[in-house]
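A short worksheet on the structure shown next.
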Amino acid sequence: MSSLYPLVKNETIKMLKKRRFLVIVLILAVLIPVFVYGQLKVAQNYAKQFGTEDWRVATEQQVKDYTNRLSSPRVSEEWKRVMKVEINRLQYALDKNINPRSPNGVTFARDFMKNALILFIPLMVSVIGADIVSSEQSTGTIKLLLTRPVSRWRILLSKLITLILFVSLIILVVGLLSYLISGAVFGYQGWGEPVLVGFQIIGGELSTTTAHAVDQWQFMLMEYGLSWFSCMVVACMSLMVSVLVRSTAAGMGIMMATLIAGTILANMASSWHSAKYLFMINLQTIDFLTGSLPAVPGLTLPFSLTVLTVWALGALAVAFTVFTKRDILN
Amino acid sequence: MKTDIVLSVRGLKKKIRSKWIIKGVSFDLRPGEVFGFLGPNGAGKTTTIRMLVGLISPTEGTIEIGGVSLKSHPNEALNQIGCIVENPELYSYLSGWENLEHFARMLPGVDENRINEVVAIVGMEQRIHDKVRTYSLGMRQRLGIAQALLGRPRLLILDEPTNGLDPQGIKEMREFIRQLASQGLSVFVSSHLLSEIQLMCDRVAIISHGSVIAVGEVQELLQQDESTVIWNVFPREKGEQVLASMEQVLVTREEALRPELAAAGAEAGIVATMSPERIPEANRALQQAGVDIYGVAIKNPTLEDLFLRLTEGERIE
């Protein structure tokens, strides 16, 4: 009874038997080949457009392209800033002789995670998270669960641990599937390739003073670690919604609306500065690694991580307080 | 700390959104007895049960299970209870066996042998490895009881255990509950069906509008209620006069007739509330007055009469 292990085992069995996780793995197994095919088409098109496979030529062409567009009066100031940053990044890659877009299994897994973290993976996480308490409430099994000689906080903690386990599994499965499937097309090499990190954005300008190259496997670890953290925050928020809302569908709806609102807000937030305190604006922590401009000026990696941590702890505090105190009336 | 009283409830009250749902419930449960908790729908039966099993915290009052306070030591108190609150809602995507394993992991000292035991007690060996979603309501009810018995409780709390069962199932459930009680288990059964409680329970508490209005042994409570005697006589008016003139006999006016008596064919006769021992005396008095007697029927008091008298015919609020 003192051990949490049997409770976590219970929750894991329920999670697997409900087949939610299996569905997520299946969705990934279907979607990743689609993206791999898309990536392949992009690479082919790219080669056709520039008439060469040489990345230096292509990158130089890209820099030239951006520079031309910069001088155009029709381009807004904001876009110009973005393009300047991009030119700096590409130029630095040229100087260091690192292909900024070499396609292989590892880069695909890297890019897939970067793009999937915007909406796709958080949605998956909220699908399993929003269900974990509310399904017990809507089916009435909560009455059996809470009349056992086990404290309520232990029950919620076992659910949280199970959620953490499965979110980690989702991240792992995304990485493995995207690497294995894309590797079959682009090749499995590329772990040792250098990737540029350490860009800093100071006053809207990309500073390369602290930039340096790391091996791609190191970069992957950083990227997947940050994604894991972002997903943990989404999981904590889903757990709270799951405790507060009795209907599973409503819970998922709330989480999806919040996450989608985040992507929409990210486009507006450049003029609404206090939006940077919202958790959904801060989920794209990977962007700081590669030096793309943040959605809101002034966002930094430590700031985002702090905001996310505060939100997650707040959500857990609400979830545990409500869950241990509430009268079960339905 | 161990006392003879399995469950002791004192001055239980619950306020939900500034409305008193439960306004004072007190009773005791002894070992090995089947205790009925009777009340119309909406009287507060389920709310009371939810407080007994720790799903709702009481606003006032104390609950002690085997002498252990539910509020200060919830786990020790709940360890002695097995319960089904309303319908036995189990995980439909798991098999019966997996459900039992799930709840066994939450109880101290329950192993596979005990699971096998409870499956045998409820007689579900045949279907235990099927998914719960394929079970009939009666089977779910039995699996619910198996689940409640897993931790070898001293007290079994069943909320409307015969709800939704067919007559055969109701009879089986009744026998099953009596059998469990004969082995020393205390059983707390709520119901809105009076006949059910009368057949199954040793003692009963009657709840109405959130308060317990009577507690006692079923027979004792019934004896407090005087019998009703129905006289079929001619001429009727004269008979009524004679009976009304007797001491300790109350003749009920027709307009005051309770509907269930009217339905029993009493409209033709005179309804008198009196002790059955005084029938011969009344008989002689009627004969002396020249009243012909066609029939005398004693209607024994039922819990239903008592209940309706106590609640003054209240149904659902």
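Amide H to amide H under 5 Å from B:I22: which residues, 5+ apart in sequence or cross-chain, H placed 1.01 Å off N in plane?
B:K14
Past 18 Å, Cα to Cα: identify those pairs from A:K143/A:K325; A:K14/B:K71; B:K14/B:K71; A:K325/B:K71; A:K14/A:K159, in the order given.
Checking Cα-Cα distances, A:K14/B:K71 exceed 18 Å.
Where both partners of a DSSP beta bridge lie in the stretch B:7-222, what percent of those bridges are antiparallel, to the nearest 5?
Taking every DSSP beta bridge with both residues in the stretch B:7-222, the antiparallel ones total about 55 percent.
For the residues B:T46, B:T134, what sequence is obtained by ranking on other C-beta atoms within 10 Å, fewest first?
Listing B:T46, B:T134 from fewest to most nearby Cβ atoms yields B:T134, B:T46.
Which three numbers, in whole Å and largest first, are the semi-axes of the equivalent ellipsoid of the protein assembly as shown derived from its Cα gyration tensor as √(5λ)?
75, 25, 21
For chain A, what is the relative contact order in percent, using Cα pairs closer than 8 Å and at least 6 residues apart in sequence?
23
Counting other C-beta atoms within 10 Å, and keeping those with at most 15, which DSSP coil GluC sites (Glu not before Pro) do you find in the stretch A:1-63?
Sparse-neighbourhood loop GluC sites (Glu not before Pro): A:E53.
Kindly give the semi-axes, whole Å and largest first, of the ellipsoid equivalent to chain A, taking each as the square root of 5 times a Cα gyration tensor eigenvalue.
41, 23, 16
Would you list the membrane-span-like helices of chain B, meaning whole DSSP H runs whose alpha-carbon atoms span at least 27 Å along their axis and whose mean Kyte-Doolittle value is at least -1.0?
none
With both partners inside the protein assembly as shown, how many of the DSSP beta bridges are antiparallel, as a percent to the nearest 5?
Once the DSSP bridges in the protein assembly as shown are tallied, antiparallel ones form about 70 percent.
For chain B, what's the relative contact order in percent, using C-alpha pairs closer than 8 Å and at least 6 residues apart?
Relative contact order of chain B: 21 percent.
Quick one: go through the stretch A:171-187 and flag any residue whose amide nitrogen is under 19 Å from the point 7 Å out along the Cα-to-Cβ line of A:T12.
A:171-174
Find out how many positive minus negative residues lie around A:K114, taking Lys and Arg as positive, Asp and Glu as negative, among other residues whose Cβ is under 12 Å from that of A:K114.
Local net charge: -2.
Sticking with the crude label model, points 7 Å out along Cα→Cβ, report the distance from A:R69 to B:I16 in nm, one decimal please.
Going by the 7 Å Cα→Cβ label model, 6.1 nm.
Within a 10 angstrom radius of the beta carbon, how do A:W228, A:W272 rank from fewest other beta carbons to most?
Taking fewest neighbouring Cβ atoms as first place, the list is A:W272, A:W228.
Name the residues whose placed amide hydrogens come within less than 5 Å of the amide hydrogen of B:K71, ignoring near sequence neighbours (fewer than 5 apart) on the same chain.
So B:K71 has HN proximity to B:I63.
Could you please rank B:R50, A:R246, placing first whichever residue has the fewest other Cβ atoms within 10 Å of its Cβ?
Sorted ascending by nearby Cβ count, the order is A:R246, B:R50.
Using the membrane-span-like helix rule (whole DSSP H runs, Cα extent along the own axis of at least 24 Å, mean Kyte-Doolittle hydropathy at least 0.5), which helices of chain A qualify?
A:20-50, A:152-186, A:216-244, A:248-268, A:301-325
Just so you know, all these numbers are worked out from the coordinates, no wet-lab data involved. Owing to the predicted nature of the structure, the values given are computational and were not obtained by experimental measurement. Note that we place each Cβ from the backbone using ideal geometry, even for glycine, and neighbour counts take in every protein chain shown.
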